[in-house]
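One structure is given below, encoded as structure tokens.
The values are calculated or read from the model by the stated rules, or taken from the named source; none is laboratory data. What you are looking at is a predicted structure, and each value in this text was computed from that prediction instead of being measured. When we count neighbours, we look across all protein chains shown, and the Cβ atoms used for this are built from the backbone with ideal geometry, even at glycine.
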Amino acid sequence: MTALDAVSVITVKRDGGELSDAQIDWVVDAFTKGNVADEQMSALAMAILWRGMSRRETARWTAAMIASGSRMDFTDLPRPTVDKHSTGGVGDKITLPLAPLVAACGAAVPQLSGRGLGHTGGTLDKLEAIPGWQADLTVTRMREILTDPAIGAVVCAAGADLAPADKRLYALRDVTGTVESIPLIASSIMSKKIAEGTAALVLDVKVGSGAFLKTLDGARELATAMVELGRDAGVQTVALLTAMDTPLGRTAGNALEVAESVEVLAGGGPADVVELTLTLAREMVAQAGLHTDPADALADGRAMDHWRAMISAQGGEPDAALPVARHTEIVRAETSGVLTRLDAMGVGIAAWSLGAGRARQGERVQAGAGVEMHAKPGDSVVAGQPLFTLHTDTPEAFSRAIEALAGAVGVEGAPEGKPGELVLGRIG
Ligand code: URA
């Protein structure tokens, strides 16, 4: 093929061919400029979903996504940069304690985050529950915060100029059934992380009922593709595969998760949140070439100091009371026994329907809404004891949330054994 036009590019991929570098560069650039129509890009996304992309094609596609906008550069910062990305799960508040903890260990953490869509919560939605906290920062302000040794971590919204082709393509994939393509997911995530300018990256690829990828094989394939893309682009990248069959911690919902994260920073909090925070922090500190044990920075209060400084630097009031929902309802155990199952997807849908998440981009979320879990798998429960407290400003949402939770819980007479491992594998 010599001529560069959308129909030819689509038909090459439709028929199982490999796209050349020139074809990929052209189609992404033309799409960004509005010269390839949405329906043509959607057809190409569907062809890629069915036919896949080689490692070379995926790397080139990622580079073209990055080139559609501007790339940040933090190489002149006095400290090594390292970031984490999670593919998303229920109750996944790990970024909140993790970013200040890793900053307290001497790294700079430049995290560009998103808002939630569907049953998984977004980090920005959680932080926006803190009175005064602002997600939008200029690059100059980001750089000041990252340079300040008392802060060192920033979590903010990605600007419009960060991989704009991905933003448009993701919106199309969302409405054309083409999200579930490993090369498209890998290039979408990695184009934003590479453009963000971090030197090192730790990926937390979630596996299980509450994750985007339900099987270990699928998660391993995605993790491998992302690690290869990171390394090809000069970003030191590793991935952990972690379980997401059960929600992380005991809360799902914005302000509820902030409160739980502060408990972790204060030296308490649920064991699984502490374990995953420390595991990811150790990986990040190692990738940054530092030799500090994050457990010390958590125990001696340095991580909490960095959290307070990080929240204040973005206009938030770390001591302000968090928003509380206007209505609560308790869901009780129907039988006695051992809790053997607490399905992450059911809890995610319950929290979302109570108002903690959004169904469409741009919708407002309720800061106080969500689900508190009073028992986790392995705990003994007695009939009539509270299993969940539901929080919402819109009490008509209770019935839908209760319905979602009814199928999420298993209570058996005899325990099935210990709850499963949290970390299931490591790539890189
Ligand atoms: N998250 C992203 O940023 N992109 C995808 O394609 C899927 C999840």
Completion exercise
Scanning segment 175-216 for residues that are within 12 Å of the ligand (Cβ to nearest atom) and either assigned by TED's automatic domain parsing to the domain that holds residue 342 or of a type in the set (Ser, Thr, Tyr) (or both), the one farthest from residue 92 (Cα to Cα) turns out to be 178
Practice task
Restrict the check to segment 154-169 and report whether at least one residue is assigned to a helix (DSSP H, G or I) and within 9 Å of the ligand (Cβ to nearest atom).
Solution key: yes
Completion exercise
Here the residues within segment 178-188 that are surrounded by fewer than 22 Cβ atoms within 10 Å (Cβ to Cβ) and not polar (S, T, N, Q) are 179, 180, 182, 185
Practice task
Name the one entry in 273, 285, 324 that is in a helix (DSSP H, G or I), hydrophobic (A, V, I, L, M, F, W, C) and within 21 Å of residue 130 (Cβ to Cβ).
Solution key: 273
Exercise for the section: Return yes when residue 150 is in contact (Cβ under 8 Å) with a residue 24 or more places away in the chain and within 16 Å of the ligand (Cβ to nearest atom) and no when it is not. Expected result: no
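Conditions tested, residue by residue: (1) surrounded by 24 or more Cβ atoms within 10 Å (Cβ to Cβ); (2) assigned to a helix (DSSP H, G or I); (3) aliphatic (A, V, I, L, M); (4) touching a strand residue (DSSP E or B) at 6+ places or on another chain (Cβ under 6 Å).
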| site | (1), (2), (3), (4) |
| --- | --- |
| 219 | yes, yes, yes, yes |
| 223 | yes, yes, yes, yes |
| 229 | yes, yes, yes, no |
| 259 | no, yes, yes, no |
| 277 | yes, yes, no, no |
| 306 | yes, yes, no, no |
Fill in the blank from the handout: Of the residues in segment 280-304 that are crowded, with 20+ Cβ neighbours inside 10 Å and within 19 Å of the chain's Cα centre (by Cα), the one that is farthest from residue 427 (Cα to Cα) is 281
Completion exercise
The residue that is surrounded by the fewest Cβ atoms within 10 Å (Cβ to Cβ), considering only those in segment 69-114 that are on the phi > 0 side of the Ramachandran plot and away from the ligand (no atom under 16 Å from the Cβ), is 106
Practice task
From the list 51, 55, 60, pick out the single residue that is over 24 Å from residue 284 (Cβ atoms), crowded, with 21+ Cβ neighbours inside 10 Å and away from the ligand (no atom under 16 Å from the Cβ).
Solution key: 60
Fill in the blank from the handout: Screening 378, 362 for residues that are under 20 Å from the mean Cα position of the chain (by Cα) and either on the phi > 0 side of the Ramachandran plot or of a type outside the set (D, E, K, R) (or both) leaves only 362
Problem - Among (1) outside any helix (DSSP H, G or I); (2) at pLDDT 95 or above, the one test that residue 410 misses - result: (2)
